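**Q** I am attaching a structure below and will ask some questions about it afterwards.
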């Protein structure tokens, strides 16, 4: 059975241009990766958790942002590794300085016996659509394409 995750594609209109919020994974494996590494804030579902509830929870955990109101349901996408990603879009402008990620602990360097703490998300940024498609995990690009269609004006 493939893994399932859920997330939120935040968007805003700035200077009449559509922008999306993407996050960069924290930790040593991602530190030198950029193109293809960025993602919507998302995470795996807990046992018996509904995808939408997981998306809201993950957004709060990874960014500190609490979302309410209306959401646009997007068609789930399958990433290269087989993970199914459920997603919803939401229009909301967020000040990047307000974003605060949760942390995780892992042994680093490997087999060193030393534990280090890393942020789950080390960067977040607003991107225009062209740049977002270049930066984000290729399996998630259809989410932006569907958002454009559903907004009908971009």
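The values are calculated or read from the model by the stated rules, or taken from the named source; none is laboratory data. Worth saying up front: this structure is predicted, and the values here are computed from it rather than measured. Ideal geometry is used to build each Cβ from the backbone, glycine not excepted, and the neighbour counts take in all protein chains shown.
**Q** Would it be correct to say that residue 101 is within 24 Å of residue 12 (Cα to Cα), part of a loop (DSSP other than H, G, I, E, B) and either modelled with pLDDT under 95 or in contact with a strand residue (DSSP E or B) (Cβ under 6 Å, 6 or more places away or on another chain) (or both)?
**A** yes
**Q** Kindly provide the set of residues from the range 62-90 that are exposed (fewer than 15 other Cβ atoms within 10 Å of the Cβ) and in contact with a strand residue (DSSP E or B) (Cβ under 9 Å, 6 or more places away or on another chain), ordered by number.
**A** Across the range 62-90, the qualifying residues are 69, 70, 73, 75, 78.
**Q** Here's a follow-up. Output the number of residues of the range 19-28 satisfying the condition of being more than 21 Å from residue 105 (Cβ to Cβ) and either within 12 Å of the chain's Cα centre (by Cα) or assigned to a loop (DSSP other than H, G, I, E, B) (or both).
**A** Matching residues across the range 19-28 total 3.
**Q** Could you please find all residues in the range 111-151 being assigned to a helix (DSSP H, G or I), within 16 Å of residue 24 (Cβ to Cβ) and in contact with a helix residue (DSSP H, G or I) (Cβ under 7 Å, 6 or more places away or on another chain)?
**A** Residues satisfying the conditions are 132, 133.
**Q** Taking residue 56 as the residue in question, decide whether it is out of contact with any helix residue (DSSP H, G or I) (no Cβ under 7 Å at 6 or more places or on another chain) and either surrounded by 12 or more Cβ atoms within 10 Å (Cβ to Cβ) or within 18 Å of residue 20 (Cα to Cα) (or both).
**A** yes
**Q** Follow-up question, since we're still on this one. Just checking, does the range 29-51 include any residue being part of a loop (DSSP other than H, G, I, E, B), out of contact with any helix residue (DSSP H, G or I) (no Cβ under 8 Å at 6 or more places or on another chain), closer than 22 Å to residue 143 by Cβ and at pLDDT below 95?
**A** The answer is yes, given that some residue of the range 29-51 is part of a loop (DSSP other than H, G, I, E, B), out of contact with any helix residue (DSSP H, G or I) (no Cβ under 8 Å at 6 or more places or on another chain), closer than 22 Å to residue 143 by Cβ and at pLDDT below 95.
**Q** Right, here's the next one. Given the condition touching a residue at least 40 places away in the same chain (Cβ under 8 Å) and surrounded by 16 or more Cβ atoms within 10 Å (Cβ to Cβ), answer yes or no: does some residue in the range 102-114 qualify?
**A** no
**Q** Being in contact with a helix residue (DSSP H, G or I) (Cβ under 8 Å, 6 or more places away or on another chain), under 14 Å from residue 124 (Cα atoms) and in a strand (DSSP E or B) narrows it down to one residue among 65, 8; which is it?
**A** 8
**Q** For residues that are in contact with a helix residue (DSSP H, G or I) (Cβ under 9 Å, 6 or more places away or on another chain) and not in a strand (DSSP E or B), scanning just the range 77-95, find the one that is farthest from residue 20 (Cα to Cα).
**A** Going through the qualifying residues, I end up with 81.
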